[in-house]
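The values are calculated or read from the model by the stated rules, or taken from the named source; none is laboratory data. Please read all numbers here as calculations on a predicted model, not as lab measurements. Cβ placement follows ideal geometry from the backbone for every residue including glycine, while neighbour counts extend to all protein chains displayed. For accessibility, only protein heavy atoms count, side chains too; no ligands or nucleic acids. Shrake-Rupley method; radii C 1.70, N 1.55, O 1.52, S 1.80 Å.
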Amino acid sequence: MFQKITLLALVLAVVSCQKKESVEKDKIKIADWLIGNWENTSPDGVLTENWEKLNDSTFNAYSYYIKGKDTLHFETIVLAQKGETLTYFATVKGQNEDKAVAFPSTAESDKQLVFENTKHDYPQKITYTKVANNTLTAEISGKLNGKVSSEKFVMTKK
């Protein structure tokens, strides 16, 4: 009897671990639509984000804003899932001692991802919204110098 109970407990432990692992890996799959090269062209310059899948739990991106021959902004982004938490890590060249700032997700769906860090100076919120298969809107928002601010970038897949 004891052997049967031990065997049943072992089987349940293995099955529950497998289920948890698949749930963990499935959460980042909701963001698959980010993968690719995205661009926003305006009179102020060209904003580009290049997203790639590194593995089952991590995406990587490079975001840069170029005006003429000048790079006005450059950052690396890591979207990582650890356990059941999806987190957006932004590292902006020349800011925060070139260390990543974490923005845990507060909402995920197949059309929108929302990441927030209320302790960050600006932005406190980063939102990606899938408009169509080849269009997304990236928005940064929060308080900047005590005033509510937001910037939207409509990006097209290249």
- Note on the structure: When every residue in segment 122-155 that is charged (D, E, K, R) and touching a strand residue (DSSP E or B) at 6+ places or on another chain (Cβ under 8 Å) is compared, the one most open to solvent (accessible area, probe 1.4 Å) is Lys152
- Name every residue in segment 123-157 that is at pLDDT below 95 and not hydrophobic (A, V, I, L, M, F, W, C), in order of residue number. Asn133, Asn145, Gly146
- Item | Unique residue being touching a residue at least 12 places away in the same chain (Cβ under 8 Å) and surrounded by fewer than 18 Cβ atoms within 10 Å (Cβ to Cβ) when the list is Lys82, Lys69 | Lys82
- Output yes when any residue across segment 34-45 is touching a residue at least 60 places away in the same chain (Cβ under 8 Å) and touching a helix residue (DSSP H, G or I) at 6+ places or on another chain (Cβ under 7 Å), and no when none is. no
- Is it true that some residue in segment 93-100 is out of contact with any Leu (no Cβ under 7 Å at 6 or more places or on another chain) and at pLDDT 95 or above? yes
- Task: Run Ala107 past the list (1) without any contact (Cβ under 8 Å) to a residue 24 or more places away in the chain; (2) within 20 Å of Glu75 (Cα to Cα); (3) touching a strand residue (DSSP E or B) at 6+ places or on another chain (Cβ under 9 Å); (4) exposed (fewer than 12 other Cβ atoms within 10 Å of the Cβ) and report the number of the one that doesn't hold.
- Result: (2)
